Amino acid sequence: MRIDIITVLPQLLESPFQHSILKRAIDKGLVEVNLINLRDYSTHKQKSVDDYAFGGGAGMVMGIEPIANCIHALKAERNYDEVIYTSPDGEVLNQKMSNHLSTLNNMIILCGHYKGVDQRVRDHFITKEISIGDYVLSGGELAAAVISDSVIRLIPGAISDETSALTDSFQDNLLAPPVYTRPADYMGMKVPEILLSGHTANIENWRHEQSLERTKQRRPDLLK
Ligand code: SAH
């Protein structure tokens, strides 16, 4: 998989890909992540990428020219399955969407800033708009990091224990069951007996029941 992230703040996105599962997936060659500085595609003297909004009002708007130049240059090199724009009015990211995105070969993620991008970019270049929740961020970079993280960890081989991602919350529309580790007894706070029994089938049943119970209590909407 290849993820090309178009941003005016590439430095903001360096760290998330330099640690843990994402770093290992990149080192293993499972995914290539490129941070593309939108300013490199600006023809403006000061490399600016934004301008005043037509019709007035507060806030700058990211212009179509540098974005179009950048996307054209990328598309000249390869085909893209999706050109994603991070936006609070997009479809809200969920595990089902991440699962789908993890099967793609190449995607672009465009990070907005200021008041967002010129609507013509969205109309003509963007194939999918994703929000990471009903709140407004200062820019699309953190959203791009969240989307990439949730997708990359699902690529087979990214997580060392292959089954681990499949038992996370939201796979099968259930929340994950509680987990425990040593010590089995911490000052009288005990781990459920069944987890120490070594009986795999019973443990699996217990975990499933706990998942169901937790989902009923916390997210009944998932069971509909
Ligand atoms: N004026 C816009 C918000 C702009 S916020 C509006 O009211 O809808 C600046 C940029 O941050 C956006 O262009 C988008 O790329 C990013 N962003 C903000 N909130 C986001 C969210 N919840 N999910 C994904 N991207 C978001």
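Can you say whether ILE194 is assigned to a loop (DSSP other than H, G, I, E, B) and either farther than 27 Å from GLU82 by Cα or touching a helix residue (DSSP H, G or I) at 6+ places or on another chain (Cβ under 8 Å) (or both), as far as the supplied structure shows?
No.
Do you know which residues across the stretch 52-63 are surrounded by 15 or more Cβ atoms within 10 Å (Cβ to Cβ) and of a type outside the set (A, V, I, L, M)?
Once the filter is applied, which keeps residues that are surrounded by 15 or more Cβ atoms within 10 Å (Cβ to Cβ) and of a type outside the set (A, V, I, L, M), the stretch 52-63 yields only GLY63.
Restricting to the stretch 122-177, name every residue that is within 16 Å of the ligand (Cβ to nearest atom), part of a helix (DSSP H, G or I) and of a type in the set (Asp, Glu).
Within the stretch 122-177, ASP123, GLU141, ASP149 meet the criteria.
Of the residues that make up the stretch 105-112, is at least one within 16 Å of the ligand (Cβ to nearest atom), closer than 30 Å to ASN173 by Cα, assigned to a loop (DSSP other than H, G, I, E, B) and at pLDDT 95 or above?
Initial filter on the stretch 105-112 (within 16 Å of the ligand (Cβ to nearest atom)): 107-112.
Checking the rest, the ones that are also closer than 30 Å to ASN173 by Cα come to 107-111.
Pick out the ones that are also assigned to a loop (DSSP other than H, G, I, E, B) and you get 111.
Now drop any that are not at pLDDT 95 or above, which leaves 111.
There is at least one residue in the stretch 105-112 that is within 16 Å of the ligand (Cβ to nearest atom), closer than 30 Å to ASN173 by Cα, assigned to a loop (DSSP other than H, G, I, E, B) and at pLDDT 95 or above.
Yes/no per residue for (1) farther than 20 Å from LEU74 by Cα; (2) surrounded by 18 or more Cβ atoms within 10 Å (Cβ to Cβ); (3) in contact with a His (Cβ under 9 Å, 6 or more places away or on another chain):
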residue	(1), (2), (3)
ASN105	no, no, no
LEU110	no, yes, no
HIS113	yes, yes, no
GLY116	yes, yes, no
ARG120	no, no, no
ILE126	no, yes, no
ILE132	yes, yes, no
LEU142	yes, no, no
ILE152	yes, yes, no
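Which condition number in (1) at positive phi; (2) within 16 Å of the ligand (Cβ to nearest atom) is the one that THR86 fails?
Of everything listed in (1) at positive phi; (2) within 16 Å of the ligand (Cβ to nearest atom), THR86 misses just condition (1).
Which of the residues belonging to the stretch 26-63 are over 28 Å from MET1 (Cα atoms), hydroxyl-bearing (Ser, Thr, Tyr) and part of a loop (DSSP other than H, G, I, E, B)?
Answer for the stretch 26-63, where residues must be over 28 Å from MET1 (Cα atoms), hydroxyl-bearing (Ser, Thr, Tyr) and part of a loop (DSSP other than H, G, I, E, B): THR43, SER48.
Which one of the conditions (1) away from the ligand (no atom under 12 Å from the Cβ); (2) crowded, with 18+ Cβ neighbours inside 10 Å; (3) not in a helix (DSSP H, G or I) does PRO66 fail to meet, given that it meets all the rest?
(3)
Can you name every residue in the stretch 50-73 that is in contact (Cβ under 8 Å) with a residue 60 or more places away in the chain and in contact with a strand residue (DSSP E or B) (Cβ under 6 Å, 6 or more places away or on another chain)?
ASP50, ALA53, CYS70
The values are calculated or read from the model by the stated rules, or taken from the named source; none is laboratory data. All values reported here derive from a predicted model rather than from experimental measurement. Please note: Cβ atoms are built from the backbone with ideal geometry, for glycine as well, and neighbour counts cover all protein chains shown.
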